[in-house]
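Here's the structure we're looking at; comments come further down.
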Amino acid sequence: FNALTIGDPEQSNLAPGTGNDLAVAAQARWIKKDFSVGLSAMGGERPRYMPDASAVSPKAPRRFGYLDASKDNLFVKGLTLRGELMRGNDRVPNVLANSSNVDHPLSGFHLVGVYKLSSLDQLALRWEGFDPDLDSSGNALHGYRFSYIRNLSPELRLTLGHEVFVDEAREVRFGQTRYGVTTLRLQVKF
């Protein structure tokens with residue numbers, strides 16, 4: 001598949017580069033009753049980025065490794081715990097090119113607990129974090145989410161959630177790095 005993603009600023013600006021590089025991915029999974037664990041990897045290369053003739057970001061390796069696990073009926077019937085750890089290297093995508101834009105080690109994680117209240121209702125808690133550059137401080141993002149999920153029918157799901165983020169890299173007045181987002185989502189299965 002394409003080594004860059006749809007929302008990548010280097011991809012969406014369609015700046016000329018040295019080529020449209022590809023990436024590969026592989027996964028292995030072990031499943032036993034209500035427990036599973038998986039290892040995944042992705043490797044590719046971010047092509048050099050040159051939005052204009054004045055600056056160039058050099059090509060950089062994109063390598064990621066993932067470990068995930070899921071356990072159903074943990075401690076009590078109806079409680080599922082899922083988690084994922086990610087470690088890798090990448091150049092942080094940026095609309096502006098610069099010769100110092102090189103790859104850095106990065107990491108991320110999320111942990112989700114879902115409790116099934118009934119056949120129609122669920123409560124979910126999520127804790128997540130991402131650090132796009134382990135070589136420097138002050139750029140990590142952490143989030144916490146609480147959700148109530150109601151299955152209105154087999155094809156229709158309603159979710160009310162509230163998330164709180166702590167974004168160390170956010171530049172705002174008075175140094176405020178915490179903000180919240182409340183979401184009401186209606187999902188339709190086709």
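The values are calculated or read from the model by the stated rules, or taken from the named source; none is laboratory data. All values derive from a computational prediction rather than experimental measurement. Counting neighbours? That spans all protein chains shown, and the Cβs are built from the backbone with ideal geometry, glycine included. Each accessible area value is taken on the protein alone, full model and side chains, heavy atoms only, with ligands, DNA and RNA left out. Shrake-Rupley method; radii C 1.70, N 1.55, O 1.52, S 1.80 Å.
State the number of residues belonging to region 98-152 that are outside any strand (DSSP E or B) and either among the hydroxyl-bearing types (S, T, Y) or within 26 Å of K59 (Cα to Cα) (or both). Residues flagged as outside any strand (DSSP E or B) and either among the hydroxyl-bearing types (S, T, Y) or within 26 Å of K59 (Cα to Cα) (or both) within region 98-152 amount to 17. Of the residues making up region 46-67, just one is open to solvent by 60 Å² or more (accessible area, probe 1.4 Å), part of a strand (DSSP E or B) and aliphatic (A, V, I, L, M), namely L67.
Considering region 1-45, the residues that are outside any loop (DSSP other than H, G, I, E, B) and charged (D, E, K, R) include one that is modelled with the lowest pLDDT, namely E10.
Every residue, every condition in (1) basic (K, R); (2) in contact with a Lys or Arg (Cβ under 7 Å, 6 or more places away or on another chain); (3) touching a residue at least 12 places away in the same chain (Cβ under 8 Å); (4) open to solvent by 60 Å² or more (accessible area, probe 1.4 Å), yes or no:
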position: S119; (1), (2), (3), (4): no, no, yes, yes
position: G143; (1), (2), (3), (4): no, no, yes, no
position: I149; (1), (2), (3), (4): no, yes, yes, no
position: E155; (1), (2), (3), (4): no, yes, yes, yes
position: T159; (1), (2), (3), (4): no, yes, yes, no
position: V166; (1), (2), (3), (4): no, yes, yes, no
position: R170; (1), (2), (3), (4): yes, no, no, yes
position: Q176; (1), (2), (3), (4): no, no, no, yes
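Number of residues in region 68-92 that are closer than 30 Å to D52 by Cβ and open to solvent by 50 Å² or more (accessible area, probe 1.4 Å): the value is 2.
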